[in-house]
Amino acid sequence: MVSGWTKHGDGKHLAPGEVVRPDERLSWPRMAGFGAQHVIAMFGATFVFPIVMGLDPNVAIMMSGVATILFLLIVKGKVPSYLGTSASFVGGVLAIRALMGGDTPAADAIVTGAILVAGLVLALAGVAIHVLGVQVIHRIFPPVVTGAVVMLIGFGLAFVVARVYWPQDQWMALITMLITFVVIVAFKGFIGRIGILVGLVAGFLLSWGADRIFGNVTALNAATGKIDTHPRVDFSKVAGADWIGLPNFQGPDIRFGAVLLVLPAVIALIAENIGHVKAVGEMTGTDVDPYVGRAVAADGLATAVTSAVGGSPTTTYAENIGVMAATRVYSTAAYYIAGVIAILFGLCPKFGALVAATPGGVLGGVTVILYGMIGLLGAKIWVENRVDFADPVNMVPIGAGIILAIGPVEQIISEEFRVQGIAFGTIVVVGGYHLLRWIAGHPSEIRETTG
């Protein structure tokens, strides 16, 4: 646990080149301001992805605060990070809902049950990394495999944009996407880093204005699959929600078939956590390798804890790492404050109802960017590790797995058990790669993880 923070400087200003280390802090009013920045940075994705997955955004926001505090305690304050909602589970969750009847309370319980088990698997992986060393992960999931899994998770969600969100309001989706483009590129500082949130808010306000000026929109109803007329923004549930109260907690229902659909996300989370921990180490100038296993285990345990009450899966956030890079304030005190603020947000049901009223067209405009960025992160892993696609051991299973995920292709095993989309693609990528490497008789992963 963190024993305390050393007062840093005068608590007001930082000299050029000066930083605030994880075990230091500025004055508490200043730290409150930095904590609020971390809340803003995580906010967009942390409430967008629960909506996409059909989970309660209020629970997600509240439990992200709990998860962050739990994470900081487990890593002993050595890895300042915020744990927000993970996008890696979206494909598996949507596949579960397609099999279990859509957005129903029973399906919600099965979704959170599957995520809970995946969180425990991730926690066990973290323990293994802590005991055996991070090299074990590179042997099982070399960069060619990790990059492929990250890519197919992102691109495998293209059908969600095409079939669910974009058709609900095509013009608003396009406008929201373009606004987000401009904000991310035109603003180089903090505003640019929260461009997704800015674009979403702008799309929300424009949708509300379009309802006032043009009336209801005629478009596809994602729930029924039929064309109907409906308002872009529905505030009916906002008016009836309380200002103060507990969110709608819900217990999990564990089903083996559902668990299999979300397990591929564990691979992506391991890669994501390791990358983020190393980035924090580089910024703070400290050796964080001894805490990589703790960080992965902490994220897994946090995911299990949040999903046990109906919350969404968690992961360390690059957005908040960007805030630290810009401010040079790495104090864990700011993250504890951010966690408390998020918990307080979760205690306002009216706020949660407002978030849940986000129009489908607006979600289409931002998710097309989010999913694409996730997919390209996989390509970034390949480029940084100089993966050789002239080698058929790399090219053949990776290409096949990505196509199966994007399809999304379904493989029926029995009447009650099937694998499809991202889960199917991941099995082909991981299993196919190691099978072909064994047949070819050469240790491809050693060459790819060096240099």
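The values are calculated or read from the model by the stated rules, or taken from the named source; none is laboratory data. As the structure is a computational prediction, the values presented were derived from the model and not from experiment. Every residue, glycine as well, gets a Cβ built from its backbone with ideal geometry; the counts of neighbours run over all protein chains shown.
Contact map, region 358-387: residues that are charged (D, E, K, R) paired with residues that are buried (at least 20 other Cβ atoms within 10 Å of the Cβ), Cβ distance under 8 Å, separation 6+ or inter-chain. Pairs shown: 380/147; 384/143; 386/448. For region 361-374, filtered to residues that are crowded, with 24+ Cβ neighbours inside 10 Å and of a type outside the set (A, V, I, L, M, F, W, C), the residue that is farthest from the chain's Cα centre (by Cα) is 361. Within the option set 114, 41, being in contact with a Lys or Arg (Cβ under 8 Å, 6 or more places away or on another chain), under 28 Å from residue 274 (Cβ atoms), at pLDDT below 85 and of a type in the set (A, V, I, L, M, F, W, C) holds for one residue only, 41. Residue-level analysis places residue 299 outside the set of residues that are over 17 Å from residue 130 (Cβ atoms) and of a type in the set (Asp, Glu). Scan region 226-262 for residues that are of a type outside the set (Gly, Ala, Ser), part of a loop (DSSP other than H, G, I, E, B) and under 29 Å from residue 362 (Cα atoms) and report the count. Counting residues in region 226-262 that are of a type outside the set (Gly, Ala, Ser), part of a loop (DSSP other than H, G, I, E, B) and under 29 Å from residue 362 (Cα atoms) gives 14.
Residues of region 279-297 that are of a type outside the set (A, V, I, L, M), modelled with pLDDT of 75 or more and part of a helix (DSSP H, G or I): 281, 289, 290, 291, 293, 294.
The criterion of at least 2 residues that are surrounded by 19 or more Cβ atoms within 10 Å (Cβ to Cβ) and among the hydroxyl-bearing types (Ser, Thr, Tyr) is met, among helices (runs of 4 or more DSSP H) falling completely within region 164-215, by 170-186. Output yes when any residue across region 364-384 is more than 22 Å from residue 38 (Cα to Cα) and either among the charged types (D, E, K, R) or in contact with a Lys or Arg (Cβ under 8 Å, 6 or more places away or on another chain) (or both), and no when none is. For region 364-384, residues more than 22 Å from residue 38 (Cα to Cα) and either among the charged types (D, E, K, R) or in contact with a Lys or Arg (Cβ under 8 Å, 6 or more places away or on another chain) (or both): present. Among the residues of region 266-288, not a single one is under 27 Å from residue 362 (Cα atoms), surrounded by fewer than 19 Cβ atoms within 10 Å (Cβ to Cβ) and touching a residue at least 12 places away in the same chain (Cβ under 8 Å). Take the conditions (1) closer than 18 Å to residue 88 by Cβ; (2) surrounded by 24 or more Cβ atoms within 10 Å (Cβ to Cβ); residue 113 misses just one of them, which is (2). With respect to the numbered conditions (1) on the phi < 0 side of the Ramachandran plot; (2) modelled with pLDDT of 80 or more; (3) not in a helix (DSSP H, G or I); (4) not β-branched (Val, Ile, Thr), which one is the sole condition not fulfilled by residue 386? Residue 386 satisfies all of (1) on the phi < 0 side of the Ramachandran plot; (2) modelled with pLDDT of 80 or more; (3) not in a helix (DSSP H, G or I); (4) not β-branched (Val, Ile, Thr) except (1).
Does residue 341 count as farther than 30 Å from residue 170 by Cβ and either of a type in the set (Ser, Thr, Tyr) or more than 18 Å from the chain's Cα centre (by Cα) (or both)? Criteria met by residue 341.
Looking across region 38-83, the residues that are over 15 Å from the mean Cα position of the chain (by Cα) and more than 16 Å from residue 343 (Cα to Cα) come down to 73, 74, 75, 76, 77, 78, 79, 80.
Would you confirm, using the coordinates I've provided, whether residue 398 is closer than 13 Å to residue 151 by Cβ and either among the small types (Gly, Ala, Ser) or not in a loop (DSSP other than H, G, I, E, B) (or both)? Criteria met by residue 398. Only a single criterion out of (1) of a type in the set (A, V, I, L, M, F, W, C); (2) within 20 Å of the chain's Cα centre (by Cα); (3) at pLDDT below 85 is not satisfied by residue 220, namely (2).
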